[in-house]
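Single-structure report; data block below.
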Amino acid sequence: MNKKFTACAAAIVCAVACIPFSACAEKQEDKTLGRQLYAMGTYARLTATSSEISEKDFETLADSVSDFLYETENSVSTVVETSCIYKFNAAAAGQTVELDKTAYELLTLSKTLYEKTEGNYNPAVWYCEDLYGFAQRTQADKGMPYDRADKDLPEEKYVTAFCQLASHFNEVRIYEKDGGYYADKPAFTVKVEGDDREYSLKLDLGGITKGWCADRVDAMYGAAGITNGYFNFGESSMALKRYAGNLTKSYQLELTDPRNIGVSYGYLFAKDVKLSTSGDHLKYYVLDDVRYCHIIDPKTGSPIRTGISSATVVGGSAAEADALTTALSAMGVQKAAEFINAELSDRKVVMLVFEGEEGKIITNCPDELTIRNSAYPIANTVVDGKIVLN
């Protein structure tokens, strides 16, 4: 078997381009202030303009953002032993785990989006991710009865069992009591034939946390009186303010081709919005010409095979968009189009879909999307704001 593994944790999914449509639009005294941070295994960048905030105050803001990202990671990391999610994952089935406010809010939102997407966004697929080699492991996880390094693909009996386990995420109970926050772990467990271990639910909030952070940093920008600039977390979740360098005040939002990293297949103009993108090229491997990526289909317990290679949602909260792009990727084209029509008519959605080697675009905003790659045609029309598949 020919197995090629690629992990592009910092690969560009979406990028903002600062295009000066008019050289006189930006004030001469304006200076772009920027800072790069590192958190949750990837880079974050924030910018502002010197006419709205001094360099000293910007550095103070950047320090506050850095502290916030660090605190969030320490709340919901799957590998930091003091985090709430680590403790939840390590707890026995049926136990109660105390949460901090960050973990409580993220779990509450996760449950809401799980229900909204009919389970297509499911943060309980940690074991499925691990089976295929994509989960971040702790030292304790290295002693699993199954060893993902020994086999090219996991045994089907494990895939089936862990898919069943993940389907019980709706049984996680989250609540406030006496000023504290708590989560009850489901009593449901699974066992696998030939394996004496009993498995209980494990969570991974990586599919929503970066977006949630972008929402909070956007609020920090607002509190600081910043109307120009952006926060870009991992090139996948962003909070865009305005761009002071042109008359439209818009950023050019480049959509990266997941089959040609670093090359844009199209772009949109955007300002004063939050957004997120998911793609099958961030972590993947190719086995006998079949791509296996880190996005798990909760219905099968295996990497998505829907043909949706990337999905971008512009508008609404970045946290919702973060989870929704994962869910759309798992839904498949027909159901995704129906969901967009029913639930996301107030947002701009762009999906790149592959059938074999042929790519096509599905979008509810074709008039606002400029295509760079003519090999990727728009494969739908829009009638009364709704996607109609061709």
- line: Percent relative contact order for the chain, counting Cα pairs under 8 Å at least six residues apart, stands at 20 percent
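Once every DSSP H run of n ≥ 4 in the chain is given -39500 (n - 2.57) and the sum is divided by its residues, what mean residue ellipticity at 222 nm do you get, rounded to the nearest 500 deg cm²/dmol? Walk me through the numbers on the way to the answer.
Values: 8 runs with 102 residues, N = 390.
After summing the helix terms and dividing by the residues of the chain, the value is -8000 deg cm²/dmol.
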field: ³J(HN,Hα), Karplus 6.51/-1.76/1.60, whole Hz, each residue of the stretch 170-180, x for Gly, Pro
entry: 5, 8, 5, 9, 10, 7, 9, 7, 6, x, x
task: Only Cα pairs under 8 Å and at least 6 apart count here; give the relative contact order of the stretch 265-378 as a rounded whole percent.
output: 28 percent
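Assigning unit charges at the beta carbon (Lys, Arg +1; Asp, Glu -1) and nothing else, what dipole magnitude in debye, to the nearest 20, does the chain show about its Cα centre? The partial results should precede the final answer.
On the way: 40 positive and 55 negative charges, 93 e Å.
Roughly 440 debye for the chain.
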- prompt: When ligands, DNA and RNA are left out and all protein chains stay put, how many square angstrom of accessible area per residue does the chain have with a 1.4 Å probe?
  reply: 43 Å²
message: Between Tyr43 and Thr112, what is the label-point separation in nm under the 7 Å Cα-to-beta-carbon projection?
response: 3.3 nm
- prompt: Build a GNM of the chain with springs between Cα atoms under 10 Å: which of Leu165, Leu247, Leu268 gets the top mean-square fluctuation?
  reply: Leu247
Cα-based reach from Lys185 at 13 Å (exclusive), listing aspartates and glutamates while leaving out same-chain residues under 8 positions away: Glu98, Glu171
task: May I ask which residue of Val80, Val350, Tyr284 lies farthest towards the positive end of the charge dipole of the chain, with charges of +1 (Lys, Arg) and -1 (Asp, Glu) on Cβ and the Cα centre as origin?
output: Val350
- request: Report in % the part of the accessible area of the chain that belongs to carbon and sulfur, leaving out ligands and nucleic acids; probe 1.4 Å.
  value: 46 percent
- request: Choose one answer from Gly133, Gly94, Gly229: the residue with the largest mean-square fluctuation in a GNM of the chain with alpha-carbon springs under 10 Å.
  value: Gly94
task: Please list the non-local residues whose amide H lies under 5 Å from the amide H of Ser250, H modeled 1.01 Å from N, same-chain partners needing a gap of 5 or more.
output: Tyr243
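The values are calculated or read from the model by the stated rules, or taken from the named source; none is laboratory data. As the structure is a prediction and not an experimental result, all values here were calculated from the model. Using ideal geometry, Cβ is built from the backbone for each residue, glycine included, and neighbour counts are taken over all protein chains shown. Calculation scope for accessible area: heavy atoms of the full protein, side chains included, ligands and nucleic acids excluded. Shrake-Rupley method; radii C 1.70, N 1.55, O 1.52, S 1.80 Å.
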